[in-house]
Amino acid sequence: MARLYDSRKRILVTGGAGFVGSHLIDRLLEQGHEILCVDNLFTGAKRNIEHLHNHARLEFMRHDVCLPLYVEVDEIYNLACPASPIHYQHDPVQTTKTSVHGAINMLGLAKRVKAKIFQASTSEVYGDPSVHPQPEEYWGNVNPIGPRSCYDEGKRCAETLFFDYHRQHNLEIKVARIFNTYGPRMHPADGRVVSNFIVQALKGEPITIYGDGSQTRSFCYVDDLVDGFIRLMDTGPEVTGPINLGNPVEFTMIELAELVLEQTGSRSPLIRMPLPADDPKQRKPDITKAQTILGWQPKVPLAEGLKSTIDFFANRDR
Ligand code: NAD
Ligand code: UDP
Ligand code: UDP
């Protein structure tokens, strides 16, 4: 339901042309806000917001968050950062710069205009966890020098910056630690497991199981995630996070492959491939905080979310 005109805010979404950001923009526009989408289109694409072309309350700005940005806004959602291993390892130095310089610039902007600022952090700050499921108090087990480090350590440093700006400059911050999320507008070729399996099944190609497929992930549907973002942003200044947002229902990669095969009716065989370096064995959020503080928990089961994701991939480019 649209909000009243007098509660309309001007909201900056960095990374707004990406998978999650474009869904967030859809929801914020529905609520009646004015949106400034800032994106350098490194992994995002204008087609993700094409359906909003000529929308009177959406402005798109092609800009790299590593550079300063002088605009006037009430709230900032900082999502700019490549999120899949293929993309963030393509130019790892740029990945760290995006997380760290991007955070500094957006925090500097938030400080100047006194805006609330949200950070899209990640479950990767927990690394290959030795505590399972992961509560926010767990400090993580991250390799600082491996191929995933540019992403993991960049996001960890961004969290440090958010909390230092909060303590030092009294900024109102909201840090969400996002666990694996899927849905329409995922990149078909970004190597993530849900998009890989769906694309492979639809093409009748072998489903690539890395390792023995017993590793687990918990998959959150993008609509549920966006709902969590907005609930977190709408909390009072005492709520800073970090707060886990994800779906606690765990699946092995074999179980995911079987579900995708069942739903697509595909006869693709499963094949084994080597496990990538530093690939976490298990990942599952402890969402007690999100449940108690935000009254949030995911509503869309994997079987249901997969249907709309499969529809998206099946109808893409047609
Ligand atoms: P995405 O790659 O689809 O979106 C990221 C967007 O940021 C893209 O549009 C890209 O062009 C833009 N971008 C990258 N570098 C930029 C820069 N320097 N300046 C401006 N824009 C830049 O990824 P996503 O899945 O939508 O992820 C969005 C955010 O959520 C990211 O910060 C990611 O780390 C975080 N996250 C996502 C997941 C997930 O499962 N999708 C999990 C944990 C965290
Ligand atoms: N910054 C920005 N937009 C603003 C204000 C600041 O992009 O509206 C950037 C600017 O590059 C600055 C950084 O944010 O270097 C950090 O700002 P802060 O005020 O914290 O520090 P300083 O200006 O002292 O470096
Ligand atoms: N994975 C897989 N086959 C693929 C792509 C990924 O078995 O084609 C595995 C991968 O090794 C990991 C899990 O699926 O254990 C999730 O991988 P993804 O890249 O989607 O997310 P992340 O590792 O960042 O959680």
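Spelling out what I want: for every residue of segment 244-251, take phi, set θ = phi - 60°, compute 6.51 cos²θ - 1.76 cosθ + 1.60 (Karplus), and round to whole Hz; glycine and proline get x.
6, 10, x, 9, x, 6, 8, 10
Expected output is a single nm value to one decimal: the length gained when fully extending between Asp212 and Ile254, i.e. 0.36 nm times separation in residues minus the C-alpha distance. What is it?
14.3 nm
For segment 225-285, which trypsin sites (Lys or Arg not before Pro) pass both filters: DSSP loop (anything but H, G, I, E, B) and at most 15 other C-beta atoms within 10 Å?
Those satisfying the criteria are Arg267, Lys281.
From the cross-link list Lys46/Lys203; Lys46/Lys289; Lys174/Lys284; Lys114/Lys155, which pairs have alpha carbons spaced over 30 Å apart?
Result: Lys46/Lys289 exceed 30 Å.
Could you pull out every residue, at least 5 positions away or on a different chain, whose amide H is within less than 5 Å of the one on Ala115? Hs are placed 1.01 Å off N in the peptide plane, and Pro or chain starts have none.
Under 5 Å from the amide H of Ala115: no residue qualifies.
I'd like the chymotrypsin sites (Phe, Trp or Tyr not before Pro) in segment 2-71 restricted to DSSP loop residues with at most 15 other Cβ atoms within 10 Å, sorted by number.
Passing both the DSSP loop test and the Cβ count: Tyr70.
Where a number appears in this text, it was derived from the coordinates with a stated rule and is not lab data. Just so we're clear, the structure is a prediction, and the values are computed from it rather than from any experiment. Don't worry about glycine lacking a Cβ; one is built from the backbone with ideal geometry, like all the others, and counts go over all protein chains shown.
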